[in-house]
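See below for the structure under consideration.
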Amino acid sequence: QAPFDERLVAFIRGIHASREEVGKLTPPHESTIPGTALSAPFFAVSNPKDVVWYLRIEQEKTESVSALTLAGRVSHRTAPDLAAALESAAGSPGGGLVLDLAGVDYISSAGLRAVEAAASRMSASGRGLVVWGLRDAVSVAFDLAGLSTGVAIEESREQAIEKAGRTG
């Protein structure tokens, strides 16, 4: 693994390099959390050069775990959607919770706080939150926030489901 400072530089380069990729060509956000809807002006793009960051959240439930699969970017504007989805999943009866971040290339401090709060709630109820699929940029953000040691992180979805199932 590269030294921390090299990973940080790669992280920053990755954010800047992906700006065009995620920019105006990104599909508009559609909230997939039951009972939530975001107003159209919130996601309106008035300038064709504006950047639109979206977050798609899908929730599934198995016998032993709940799983949230995210795609897009967790910014200060999409973090409330993540927090609501985590709250809903953490409040449901049953086992642990798997958070699939393989489709996420950026997470803000607000998103990290939502993950940390959910991990604390799950732990307090004797259940576990297990994260998997961290891309380099998201992994560095977890490291900087100190979440790499406070949240269970697995290499594969299967490992994450197995671990979350054991903690439920």
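Worth pointing out:
- Every listed requirement among (1) surrounded by 15 or more Cβ atoms within 10 Å (Cβ to Cβ); (2) touching a Phe, Trp or Tyr at 6+ places or on another chain (Cβ under 8 Å) is met by Ala114 save one, (2).
- Meets criteria (more than 10 Å from the chain's Cα centre (by Cα) and at pLDDT 95 or above) for Arg113: yes
- Near pairs, Cβ below 8 angstrom, 6+ apart or cross-chain, from segment 126-145 (closer than 15 Å to Ala114 by Cβ) to any residue that is open to solvent by 50 Å² or more (accessible area, probe 1.4 Å) and among the charged types (D, E, K, R): Ala145/Glu116
- Positions within segment 122-134 being of a type outside the set (A, V, I, L, M, F, W, C) and in a helix (DSSP H, G or I), in sequence order: Ser123
- Residue list for segment 58-101, restricted to those being open to solvent by 10 Å² or more (accessible area, probe 1.4 Å), within 14 Å of Ile161 (Cα to Cα) and hydroxyl-bearing (Ser, Thr, Tyr): Thr62, Ser64, Thr69
- From Ala83, Ala67, Ala119, Ala137, residue being closer than 13 Å to Val151 by Cα and either of a type in the set (Gly, Ala, Ser) or in a helix (DSSP H, G or I) (or both): Ala119
- Within segment 56-71, tally of residues that are in contact with a Ser or Thr (Cβ under 7 Å, 6 or more places away or on another chain) and touching a residue at least 40 places away in the same chain (Cβ under 8 Å): 1
- Scanning segment 95-116 for residues that are in contact with a Gly (Cβ under 6 Å, 6 or more places away or on another chain) and outside any strand (DSSP E or B) turns up just one, Gly95.
- Sole exception among (1) crowded, with 17+ Cβ neighbours inside 10 Å; (2) closer than 26 Å to Leu144 by Cα; (3) modelled with pLDDT of 50 or more for Val22, by number: (3)
- Selection within segment 142-168 - open to solvent by 10 Å² or more (accessible area, probe 1.4 Å), in a helix (DSSP H, G or I) and modelled with pLDDT of 90 or more: Asp143, Leu144, Ala145, Arg157, Glu158, Gln159, Ile161, Glu162, Lys163
The values are calculated or read from the model by the stated rules, or taken from the named source; none is laboratory data. Quantities reported herein were computed from a predicted structural model and do not represent experimental measurements. Positions of Cβ are generated from backbone atoms using ideal geometry, with glycine treated the same way; all protein chains shown enter the neighbour counts. Areas reflect the complete protein model, heavy atoms only, side chains present, ligands, DNA and RNA absent. Shrake-Rupley method; radii C 1.70, N 1.55, O 1.52, S 1.80 Å.
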